[in-house]
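One structure below.
The values are calculated or read from the model by the stated rules, or taken from the named source; none is laboratory data. Every value quoted in this text rests on a predicted model; they were computed, and no experiment measured them. Here the Cβ positions follow ideal geometry from the backbone for every residue, glycine too, while neighbour counts run over all protein chains shown. With ligands, DNA and RNA removed, areas are computed over all heavy atoms of the protein, side chains included. Shrake-Rupley method; radii C 1.70, N 1.55, O 1.52, S 1.80 Å.
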Amino acid sequence: NDLLNMLLSSFKYNKLPNSLIFHGPKGIGKCTFAHYLINEIFLSISSDENNTNLLYNNLHPNFRYVKKEIDEKNNKIKNYISINQIRKLDNFLYQSSFDQLPKFILIDCADDLNLNSANALLKALEEPKNNTYFILISNHCSSLLPTIRSRCIKHLISIPSSDEFKKILNFHYEELEDKNIKFLYNFSNGSPG
């Protein structure tokens, strides 16, 4: 993937922007791509395979995954990412890095920020920390605050080709028959999510 190679190269030469937005249609693999990018960066620094397991289980000390939480009162997913979720990142931003690895904050989906949480995030984006990166996932980039968009480098993630779609599905599920993959590709308009 050209975008992946470009971002990995940017990281290698200390030119990766501190704030990125991956945007495009819902369900096409933006978050999967972000996880893969972070894992490749970790592997480029440390060959410890445990980093991969920790990352994909959201347990890595240098990784925070922010998404809508479940409301304890009614056991339903909240309508937005709360300001408290963003404020909880403060400690993470100031703590030292584990194993000299960079720190990543993945926000999935930034469209779910309300005005208060968006403004709290903006404050963090305005004061980038060394070796700390924000990746915002967005289905509708125009729904983000203009001030957030202006602080981030935006990358459009396009609908995967049928071959890429097949790779994504086979990554998540045991081997599927080609005819089923073709049906799913057409049925979902190329959206593996």
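Could you tell me which chymotrypsin sites (Phe, Trp or Tyr not before Pro) in the range 1-109 are loop residues by DSSP with no more than 12 other beta carbons within 10 angstrom of their beta carbon?
Loop-located and lightly packed - Tyr13.
Subtracting the Cα-Cα distance from 0.36 nm times the residue separation, let me have the gained length for Lys179 to Ser46 in nm, one decimal.
43.9 nm
Could you pull out every residue, at least 5 positions away or on a different chain, whose amide H is within less than 5 Å of the one on Lys103? Hs are placed 1.01 Å off N in the peptide plane, and Pro or chain starts have none.
Thr132, Tyr133
Using a 10 Å Cβ count of at most 11 others and DSSP loop calls, identify the longest part of the chain lacking such GluC sites (Glu not before Pro).
Segment 73-173 is the longest.
At a 1.4 Å probe radius, carbon and sulfur cover how many percent of the accessible area of the chain?
Numbers: 5590 of 11390 Å².
Its accessible area is 49 percent carbon and sulfur atoms.
Do any chymotrypsin sites (Phe, Trp or Tyr not before Pro) in the range 159-193 lie in a DSSP loop with no more than 14 other beta carbon atoms within 10 Å, and if so, which?
Answer in residue order: Tyr173.
Could you tell me what percent of the DSSP beta bridges with both partners in the range 24-145 are antiparallel, to the nearest 5?
Bridges in the range 24-145 that DSSP calls antiparallel: roughly 15 percent.
What number comes out for the charge environment of Cys109, summing +1 per Lys or Arg and -1 per Asp or Glu over other residues with Cβ under 9 Å away?
Overall, the nearby charge balance is +1.
What net charge is computed for the residues neighbouring Glu127, neighbours being all others with C-beta under 13 Å from the C-beta of Glu127, Lys and Arg scored +1, Asp and Glu -1? Display every interim value, and only then the final one.
Values: positive: Lys123, Lys129, Arg151; negative: Asp90, Glu126.
Taking every Cβ under 13 Å from that of Glu127, the sum is +1.
At what distance in nm do the modelled label points of Asn114 and Met6 sit from each other, each positioned 7 Å from its Cα along Cα→Cβ?
Placing both labels 7 Å along Cα→Cβ, they lie 3.6 nm apart.
Under the rule that an exposed site lies in a DSSP loop and has at most 10 other Cβ atoms within 10 Å, name the longest stretch of the chain with no trypsin sites (Lys or Arg not before Pro) of that kind, not counting the sites themselves.
Between the exposed loop sites, the longest stretch runs 74-193.
So what are the ³J(HN,Hα) numbers for the range 16-23, from phi and the Karplus equation (6.51, -1.76, 1.60; θ = phi - 60°), rounded to whole Hz, Gly and Pro as x?
Along the range 16-23, the couplings run 6, x, 5, 9, 10, 10, 9, 10 Hz.
Taking a probe of 1.4 Å, how large is the accessible area per residue of the range 137-178, in Å²?
68 Å²
Let me have the relative contact order for the range 1-149, percent, based on Cα pairs under 8 Å that are six or more residues apart. Don't skip to the answer; put the middle values down first.
Numbers: 187 pairs, mean separation 46.4, N = 149.
Rounded, it is 31 percent for the range 1-149.
When only Cα pairs under 8 Å and 6 or more residues apart are kept, what is the percent relative contact order across the range 59-141?
Answer for the range 59-141 is 35 percent.
Round to the nearest 0.05 the FRET efficiency obtained for Asn139 and Asn84 when R0 = 25 Å and r is the Cβ-Cβ distance. Present the calculation step by step, with values, prior to reporting the outcome.
Values: r = 23 Å, r/R0 = 0.93.
Once rounded, the FRET efficiency stands at 0.60.
Please state the relative contact order of the range 91-193 as a whole percent: Cα pairs under 8 Å, 6+ residues apart?
Relative contact order comes out at 25 percent.
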